[in-house]
Amino acid sequence: MRIVKGDKVIILSGNHKGKTGEVLKVITDKNRVLVKGINMVKRHTRPTQKNPQGGIVEKEASIHISNVMLHDDKAGRGTRIRSRRLDDENKSKVRISVVSGEVIEVKTGA
């Protein structure tokens, strides 16, 4: 998949079309992503030892990966992604924005 955890994406279709958010999780076997603050659902939870109060919890629901596009901050809009191998000794692979031509760094969660 070309979208990874930590990427800033823009929503292409649905109720949240045009909104942007950060990818919290990529579910590769189902081709879905969780985006922070997008597609919020209410989950009714039963009281447990961990959550003795129970009640209604709001959380993000997954979105199909075809409905999101990487957001390019330099161009200010969505972009497709190309891959290229560098000419260093490791032949490492980098992601490149089609719109701006800039290398997209992978943000690691800290």
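Simple rule: put +1 on each Lys or Arg Cβ and -1 on each Asp or Glu Cβ in segment 33-92, find the dipole, and look at ILE63, ALA75, VAL41; the Cα lying farthest toward the positive end is VAL41. For HIS64, the shell of other residues with beta-carbons less than 10 Å away shows a net charge of +2, using +1 for Lys and Arg and -1 for Asp and Glu.
Can you give the longest run of the chain that contains no GluC sites (Glu not before Pro) sitting in a DSSP loop with at most 12 other Cβ atoms inside 10 Å? With a cap of 12 other Cβ atoms within 10 Å, the longest stretch comes to 1-88. With the charge dipole of segment 16-79 set up from +1 on Lys and Arg Cβ and -1 on Asp and Glu Cβ about the Cα centre, the Cα lying farthest toward the positive end among the listed residues ASN31, GLY18, ASN51 is that of ASN51. Which residues in segment 1-39 place their backbone N less than 16 Å from a point set 7 Å from the Cα of SER83 along the Cα-to-Cβ direction? Counting only backbone N, you get 1-5, 28-29.
Estimated at 0.36 nm per residue, the fully extended path between ALA75 and ASN51 surpasses their Cα-Cα distance by 4.2 nm. Here the chain is treated with +1 on each Lys and Arg Cβ and -1 on each Asp and Glu Cβ, and its dipole about the Cα centre works out to around 420 debye.
Calculate the length of the line joining the C-alpha centroid of segment 1-40 to that of segment 54-110, in whole Å. Their Cα centres are 10 Å away from one another. Kindly identify the chain as rounded, prolate or oblate by the Cα gyration tensor criterion: order the square roots of the eigenvalues as a ≥ b ≥ c, call it rounded if a/c is under 1.5, otherwise compare a/b with b/c, prolate if a/b is larger, else oblate. Prolate is the answer for the chain, as a/c is 1.5 or above and a/b outweighs b/c.
Of the trypsin sites (Lys or Arg not before Pro) found in segment 17-90, those that fall in a DSSP loop while having at most 10 other beta-carbon atoms within 10 Å are LYS17, LYS50.
No lab work stands behind these numbers, since they all come straight from the coordinates. None of these values were measured; they are calculated from a predicted model. When we count neighbours, we look across all protein chains shown, and the Cβ atoms used for this are built from the backbone with ideal geometry, even at glycine.
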